[in-house]
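One structure is given below, encoded as structure tokens.
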Amino acid sequence: MRGQTAAILTVTSLSVLCATSLSTAADQYIGRLRPELVPTRLPIVYVKLKALTPDERQHLPQPVSDGDRAFGEKLDCAFPKKDGSVRRPGEGIRVALIEPASGNRFPYCDANGDDALTAEERFVFEHPAPN
């Protein structure tokens with residue numbers, strides 16, 4: 001269960017990163033964020049990331065060692081492509097999650113919509129400092 005929770009939080013974080021990175025200045029979000037995790041009985045939507053093939057691993061911006069785990073997928077979303085055209089099913093935002101054998105895991109998210117992952121599109125999972 002703990003692994004499933006981590007996977008769901010990871011995918012949710014990636015979705016938020018993509019949405020935040022691709023939003024425009026005209027977007028406005030109003031609401032209250034709760035700092036603590038709150039259990040819910042509502043259905044949870046998640047995306048299953050598949051293990052990257054050796055060829056896909058070579059296209060990552062940073063080399064991945066044999067002992068590291070790497071996962072990726074394209075997340076279907078309504079954000080426009082870099083050229084402004086509408087995305088069709090299967091033309092989603094490319095994401096990857098890297099789990100080094102030692103160290104913290106980190107995601108990549110194609111924030112600029114060019115269908116490639118770059119070093120600038122690497123994000124860090126941060127934990128708030130305890131009160």
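Throughout, read-outs are computed from the coordinates displayed, never taken from laboratory work. Worth saying up front: this structure is predicted, and the values here are computed from it rather than measured. Positions of Cβ are backbone-derived with ideal geometry, glycine not excepted, and every protein chain shown enters the neighbour counts.
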Is segment 103-117 home to any residue that is aliphatic (A, V, I, L, M), surrounded by fewer than 13 Cβ atoms within 10 Å (Cβ to Cβ) and within 24 Å of Tyr46 (Cβ to Cβ)? no
Within segment 46-100, residues without any contact (Cβ under 8 Å) to a residue 60 or more places away in the chain, among the aliphatic types (A, V, I, L, M) and more than 18 Å from Asn112 (Cβ to Cβ) come out as Val47, Leu49, Ala51, Leu52, Val64, Ala70, Ile98
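Please determine, by comparing only the residues of segment 83-99 that are among the charged types (D, E, K, R) and surrounded by 12 or more Cβ atoms within 10 Å (Cβ to Cβ), which one is nearest to Gln62 (Cα to Cα). Don't jump to the end; show me each part of the working.
Just the residues of segment 83-99 that are among the charged types (D, E, K, R), to begin with: 83, 87-88, 91, 94, 99.
Checking the rest, the ones that are also surrounded by 12 or more Cβ atoms within 10 Å (Cβ to Cβ) come to 87, 91, 94, 99.
On the way: Arg87: 27, Glu91: 23, Arg94: 16, Glu99: 12 Å.
Among residues in segment 83-99 that are among the charged types (D, E, K, R) and surrounded by 12 or more Cβ atoms within 10 Å (Cβ to Cβ), the one nearest to Gln62 (Cα to Cα) is Glu99.
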